[in-house]
1. Go through (1) touching a Phe, Trp or Tyr at 6+ places or on another chain (Cβ under 9 Å); (2) part of a loop (DSSP other than H, G, I, E, B); (3) closer than 25 Å to residue 126 by Cα for residue 212 and report which single condition fails.
2. Examine the stretch 9-20 for a residue that is more than 13 Å from the chain's Cα centre (by Cα) and buried (at least 19 other Cβ atoms within 10 Å of the Cβ), and state whether such a residue exists.
3. List pairs: first residue in the stretch 146-167 and among the small types (Gly, Ala, Ser), second residue surrounded by 19 or more Cβ atoms within 10 Å (Cβ to Cβ) anywhere in the structure, Cβ distance under 7 angstrom, at least six positions apart or on different chains.
4. Which members of the stretch 15-47 meet the condition of being closer than 23 Å to residue 90 by Cα, out of contact with any Asp or Glu (no Cβ under 8 Å at 6 or more places or on another chain) and assigned to a loop (DSSP other than H, G, I, E, B)?
5. Out of everything in the stretch 136-159 that is of a type in the set (Lys, Arg) and assigned to a loop (DSSP other than H, G, I, E, B), what residue ends up being surrounded by the most Cβ atoms within 10 Å (Cβ to Cβ)?
6. Quick one: residue 133 ticks every box in (1) under 21 Å from residue 168 (Cβ atoms); (2) in a loop (DSSP other than H, G, I, E, B) except a single one, so which number is it?
7. Does residue 162 satisfy the condition of being open to solvent by 60 Å² or more (accessible area, probe 1.4 Å) and touching a His at 6+ places or on another chain (Cβ under 8 Å)?
Amino acid sequence: MNRKAVILLSGGIDSATCLYIAKSKNYQLYPLIFDYGQRHKKELDSAINIANSLNLNPTLLKIHFPWKGSSLLDAAINIPQGAREIPNTYVPGRNIIFLSFALSFAEAIDADAIFIGAHMQDYSGYPDCRDNFFKAFRKTASLGTKRGIEKKAIKIFTPLIDKGKREIISLGLGLGVPYELTWSCYEGGENPCRKCDSCLFRERAFEALELGDPLLK
């Protein structure tokens, strides 16, 4: 039987690419999707559609951040336009929480790995997307799980950590990632706003590859 892997799947370019990287390594795939009250709920449909396109059965987990603390959770806060060191789209502790759920899920189904699509373009903005954070979390996971104590620690892979968006898309195209199914815009409207950082990073990356964003055609 193939090794099992839990994939954090948001519906965006990075997590979709991560899913296909895990697929290329012959893991049995278990997508984990979070409905955490994000204003861009359209990404949930994208995540489910991406999983369904591979005939996978994703787990959709609904959680709640009643204290909000992010423009992604509070419609009264405007989504920023233009890079900031830590933009208000940062959700306090999100990756710590997501990875903790993923770790519990992985251990419960006896999975060997977790894949998450954090990468270098998020470094300056999100502290929980940095390599030193993942190194620390791996140690925590090893010390705080039965598998870790038994020297069978669940591996936490960040295969995109040193890549920019252009490199990620280029890699994904080679793997057959259906980017037309992905969603990136933070505003969550019917069409991409083309103004938020997420839209701009995406559009510029496709342009750098001399390609059109399939969502803008």
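The values are calculated or read from the model by the stated rules, or taken from the named source; none is laboratory data. Treat the numbers as computed from the prediction; the structure is a model and nothing was measured. Counting neighbours? That spans all protein chains shown, and the Cβs are built from the backbone with ideal geometry, glycine included. Accessible surface is based on the protein model in full, side chains and every heavy atom, while ligands, DNA and RNA are left aside. Shrake-Rupley method; radii C 1.70, N 1.55, O 1.52, S 1.80 Å.
1. Residue 212 satisfies all of (1) touching a Phe, Trp or Tyr at 6+ places or on another chain (Cβ under 9 Å); (2) part of a loop (DSSP other than H, G, I, E, B); (3) closer than 25 Å to residue 126 by Cα except (3).
2. no
3. Within 7 Å, the pairs are 148/141; 153/141; 164/121.
4. Within the stretch 15-47, 36, 37, 38 qualify.
5. 152
6. Checking residue 133 against (1) under 21 Å from residue 168 (Cβ atoms); (2) in a loop (DSSP other than H, G, I, E, B), the one that fails is (2).
7. So residue 162 passes the test.
A quick yes/no check of all residues on (1) modelled with pLDDT under 95; (2) more than 23 Å from residue 119 (Cα to Cα):
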| position | (1), (2) |
| --- | --- |
| 11 | no, no |
| 21 | no, no |
| 26 | no, no |
| 36 | no, no |
| 44 | no, no |
| 52 | no, yes |
| 55 | no, yes |
| 69 | yes, no |
